[in-house]
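Undergrad: Quick one: the structure is below, questions incoming.
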Amino acid sequence: MKLIFLFLFLIISSCGVESKNLLTLGSLFQDHMVLQQDTLVSIWGAAFAGDEVKLKTSWGQMITTKADDSGKWHLKVKTPKADHKSHKLTVVSNKNVIEIVDILMGEVWLASGQSNMEMPLKGFPSESPVEGAEEEIPSANFPKIRMFTVGRKIAFSPQKQASGKWKVCSPKTVRDFSAVGYYFARKLHQELGTPVGILHSSWNGSPSETWAKPDYIENVEGTDIYGSPFNETKKKLAISSDPGSPFNQWINSLEKVAHKHIISADNFNWLNYDKEKIKDQNYNDSGWKKMNLKSILKVFGINYFNGSGWIKQSFEFNGEEDEEHSFVLGKLKVQLFTIFINGEMVLRKEAWGKSPESFIIPKNTLKKGQNSIAIRILDWWGATGVLEDDKRGIYQYENKVVGFSDEWDFKITSFLMGEYFYLLKKGIEEIVFPIGMKETIYSPSTLYNGMITPLIPFTLKGFLWYQGETNRGNAEQYKKLFPAVIDSWRDDWDNQKAPFYYVQLAPVGTGNNPLQDSLHAAFRETQRLALKKQNLGMAITTDVGHRKLVHAPNKKPVGERLALWALAKNYGFVDLVYSGPLYKSVHYDNGKAIVSFNHTGSGLYSADKSLKYFELAGEDGKYHTANAIIKEGKVIVWSKKIKNPKSVRYG
């Protein structure tokens, strides 16, 4: 893209105007972009208020408009059918020129979601590579497939610009393409013979509510992951986006520490104003509150609070200082904590993962007489803390030599908001209300504001969605959250019938029965029910999951199955089998469940004669493992334990 300024520098300087504000385009309008073919496409940008803006294209379009009072301008331009030519677009205003080259006409889709959509063809560094990537990457010479990966951005208000570049597909660039997005695009490109552009906007771990606009999220009952009601989304966003709000003025006055320097950091870092003094045996904790463990748990469970706190108490030790002793942790509801005894760090567990049941206390740490223990607790979300447990204590061999009182001295020392712990002097009481939105991917509408609104209203064909792992624990709530995303985007692109194709949550689990995960089974049912909305399609993935990996490496069939929906529903491939089997109905006969399916193509098939993971329940609603076979295009399910079945389920 060429930006040519014909103003003289002295003239610009004398007017007090920065050249970068003279003429701009939306961030998606760059060299190598793909425009939706054979339609009116939106092109927009900014110029001086009232200035004339002229647009000229290599395919014969010439349009003139004027920037409004705020400097914004917007045009609709007719595009030709895909002609495989490299096109050019020129915008002129006030003697400033922007030229965009190597534009292709083709099919444009927005692909979004969490990690399974984000997973690049080269795979994630800490996991198995995408299956077949070693062969796919060297042969990925598809210059008419282009992808724009939207840069990560959390925002409290709608953003105008997105970071990112259009990348032409090649063995060099495809490594970083979304694997699902790439395989979808490749299938379309090969079947249609047209260029394909993918707008890829995803973030691993993100819940569905962060991708929807506030208007729709506020209609959903319930709370976000932090316990904040969805119907307060607009209010919280407004507080956080206003630098002058009392909450922002207060929190910006505090000392802060980035959580990356605390959690999984190489070294221990302090999160309290008195720093290391807090670990000293003679530390003056007279200003702390004396509370039992249940009460402390309730404080950490307050829905608006996350952060850090300390619990501290003294104890008597009458054993030998130079002998080995162990510490039994007992029941915990915390993953991130550090323990000091007499000012010495004896255990630091500030990385995610399972906590040890016990650990060895270094010799000569314990002293005869009075000793002190101080535990720093990091509260990431939810109710966090140490649970009551008589087994907790210090042991010599199998003998418990020190137990702890249920009453501890307690103090909150920091408040977690977004990427930072903010240090508190007086504890939780000094937090200023009303509290704003947390600057995280888990907060409602924050990724919608940062990574979707800059794309609106770039003309496209439809949407692709691979998300759900973060929401799978509440399938009932997802019945409202998922439609909120769909309706948000269709509303923004002014197309209530825009195709929206999504991926079924792939089965994952441990042992020999990955489909026993009831959370996944309930969630997949919620996804199936969503098909009642108009122009939705679901790529079936029960056969391509992984027993241990949430990020199943077999991404090719996922992308291609999404493409089958598009080919059948949007591109005229009428005889295509575009979906895997979907439940249709069930009836019961002679102690057996007879299950019928839609989208069976040439018939149901399984490599195994007997099917796994089906279960039956009788009048009592208790499910038991059942036998199942395919017979005459249906699945027959029975169990010796259930004489009169009333319900059947899979997974």
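The values are calculated or read from the model by the stated rules, or taken from the named source; none is laboratory data. From a predicted model like this one, the values you see are computed outputs, not experimental measurements. All Cβ positions, glycine included, derive from the backbone under ideal geometry; neighbour counts span all protein chains shown. Ligands, DNA and RNA are stripped out before the accessible areas are found, and what is left, the full protein with its side chains, is counted by its heavy atoms. Shrake-Rupley method; radii C 1.70, N 1.55, O 1.52, S 1.80 Å.
Undergrad: Just need a number here: residues in region 382-415 that are among the small types (Gly, Ala, Ser) and surrounded by 15 or more Cβ atoms within 10 Å (Cβ to Cβ). Give the derivation first.
TA: Step one: filter region 382-415 for residues among the small types (Gly, Ala, Ser), giving 382-383, 385, 393, 403, 405, 414.
Keeping just the survivors that are surrounded by 15 or more Cβ atoms within 10 Å (Cβ to Cβ) gives 383, 385, 393, 414.
The number of residues fulfilling the criteria is 4.
Undergrad: Still on this structure, please answer the following. Checking residue 379 against (1) surrounded by 19 or more Cβ atoms within 10 Å (Cβ to Cβ); (2) at pLDDT 95 or above; (3) among the charged types (D, E, K, R), which single condition isn't satisfied?
TA: (2)
Condition check ((1) aromatic (Phe, Trp, Tyr); (2) under 30 Å from residue 302 (Cα atoms); (3) modelled with pLDDT of 95 or more) across all residues:
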| site | (1), (2), (3) |
| --- | --- |
| 166 | yes, no, yes |
| 171 | no, no, yes |
| 216 | yes, yes, yes |
| 234 | no, yes, yes |
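Undergrad: Further question: Restricting attention to region 45-57, which residues are of a type outside the set (D, E, K, R) and either touching a residue at least 40 places away in the same chain (Cβ under 8 Å) or in contact with a helix residue (DSSP H, G or I) (Cβ under 6 Å, 6 or more places away or on another chain) (or both)?
TA: Filtering region 45-57 for residues of a type outside the set (D, E, K, R) gives 45-50, 53, 55, 57.
Result: 45, 47, 48, 53.
Undergrad: For residues that are part of a helix (DSSP H, G or I), at pLDDT 85 or above and open to solvent by less than 20 Å² (accessible area, probe 1.4 Å), tally how many sit in region 514-542.
TA: Count: 5.
Undergrad: Pairs under 9 Å by beta carbon, first residue hydroxyl-bearing (Ser, Thr, Tyr) in region 276-290, partner part of a helix (DSSP H, G or I), six or more apart or different chains?
TA: Short answer, once both residue conditions are applied: 283/277.
Undergrad: Report the residue count in region 82-114 for those that are in contact with a helix residue (DSSP H, G or I) (Cβ under 9 Å, 6 or more places away or on another chain), open to solvent by less than 10 Å² (accessible area, probe 1.4 Å) and within 28 Å of residue 490 (Cα to Cα). Spell out the reasoning first.
TA: Looking only at region 82-114, we keep the residues that are in contact with a helix residue (DSSP H, G or I) (Cβ under 9 Å, 6 or more places away or on another chain), and these are 82, 96, 106-107, 109-114.
Checking the rest, the ones that are also open to solvent by less than 10 Å² (accessible area, probe 1.4 Å) come to 96, 106-107, 109-114.
Filter once more, keeping what is within 28 Å of residue 490 (Cα to Cα): 106-107, 109-114.
Within region 82-114, residues that are in contact with a helix residue (DSSP H, G or I) (Cβ under 9 Å, 6 or more places away or on another chain), open to solvent by less than 10 Å² (accessible area, probe 1.4 Å) and within 28 Å of residue 490 (Cα to Cα) number 8.
Undergrad: Now a separate question. Any chance region 462-485 includes a residue that's part of a loop (DSSP other than H, G, I, E, B) and more than 19 Å from the chain's Cα centre (by Cα)?
TA: As a first pass, look at region 462-485 and keep what is part of a loop (DSSP other than H, G, I, E, B): 467-468, 472-474.
Next cut, more than 19 Å from the chain's Cα centre (by Cα) only: none.
There is no residue in region 462-485 that is part of a loop (DSSP other than H, G, I, E, B) and more than 19 Å from the chain's Cα centre (by Cα).
Undergrad: Let me ask you something else. Determine, yes or no, whether residue 242 is free of Cβ contacts under 8 Å to residues at least 12 places away in the same chain and surrounded by fewer than 18 Cβ atoms within 10 Å (Cβ to Cβ).
TA: Details: free of Cβ contacts under 8 Å to residues at least 12 places away in the same chain: yes; surrounded by fewer than 18 Cβ atoms within 10 Å (Cβ to Cβ): yes.
The answer is yes for residue 242.
Undergrad: Cβ contacts < 7 Å: first residue open to solvent by 40 Å² or more (accessible area, probe 1.4 Å), restricted to region 61-75; second residue hydroxyl-bearing (Ser, Thr, Tyr) and at pLDDT 95 or above, any location; separation 6+ or different chain. Result?
TA: Pairs that qualify, where the first residue is open to solvent by 40 Å² or more (accessible area, probe 1.4 Å) and the partner is hydroxyl-bearing (Ser, Thr, Tyr) and at pLDDT 95 or above, are 74/42.
Undergrad: With the requirement that a residue be within 37 Å of the chain's Cα centre (by Cα) and at pLDDT 90 or above, what does region 262-290 give you?
TA: 262, 263, 264, 265, 266, 267, 268, 269, 270, 271
Undergrad: Of the residues in region 178-224, how many are part of a helix (DSSP H, G or I) and either among the charged types (D, E, K, R) or over 23 Å from the mean Cα position of the chain (by Cα) (or both)? I'd like the intermediate steps shown before the answer.
TA: Going through region 178-224, the residues part of a helix (DSSP H, G or I) turn out to be 179-192, 208-211, 214-217.
So of that shortlist, the ones also either among the charged types (D, E, K, R) or over 23 Å from the mean Cα position of the chain (by Cα) (or both) come out as 186-192, 209, 215.
Going through region 178-224 one residue at a time, the tally reaches 9.
Undergrad: Something else: So which pairs qualify, if the first residue must be in region 405-419 and farther than 30 Å from residue 436 by Cα, the second must be in a loop (DSSP other than H, G, I, E, B) and open to solvent by 10 Å² or more (accessible area, probe 1.4 Å), the Cβ gap must be under 9 Å, and the two must be at least 6 apart or on different chains?
TA: Going by the 9 Å Cβ cut-off, the qualifying pairs are 406/388; 408/288.
Undergrad: Let me ask something else. Hey, any hits in region 426-436 for a residue that's open to solvent by less than 10 Å² (accessible area, probe 1.4 Å) and either at pLDDT 95 or above or not in a loop (DSSP other than H, G, I, E, B) (or both)?
TA: Scanning region 426-436, I find no residue that is open to solvent by less than 10 Å² (accessible area, probe 1.4 Å) and either at pLDDT 95 or above or not in a loop (DSSP other than H, G, I, E, B) (or both), so the answer is no.
Undergrad: Select, from 394, 375, the only residue that is touching a Phe, Trp or Tyr at 6+ places or on another chain (Cβ under 8 Å), hydrophobic (A, V, I, L, M, F, W, C), under 24 Å from residue 305 (Cβ atoms) and assigned to a strand (DSSP E or B). Talk me through it step by step, then tell me what you get.
TA: Details: 394 fails: under 24 Å from residue 305 (Cβ atoms).
Testing whether each residue is touching a Phe, Trp or Tyr at 6+ places or on another chain (Cβ under 8 Å), hydrophobic (A, V, I, L, M, F, W, C), under 24 Å from residue 305 (Cβ atoms) and assigned to a strand (DSSP E or B) leaves just 375.
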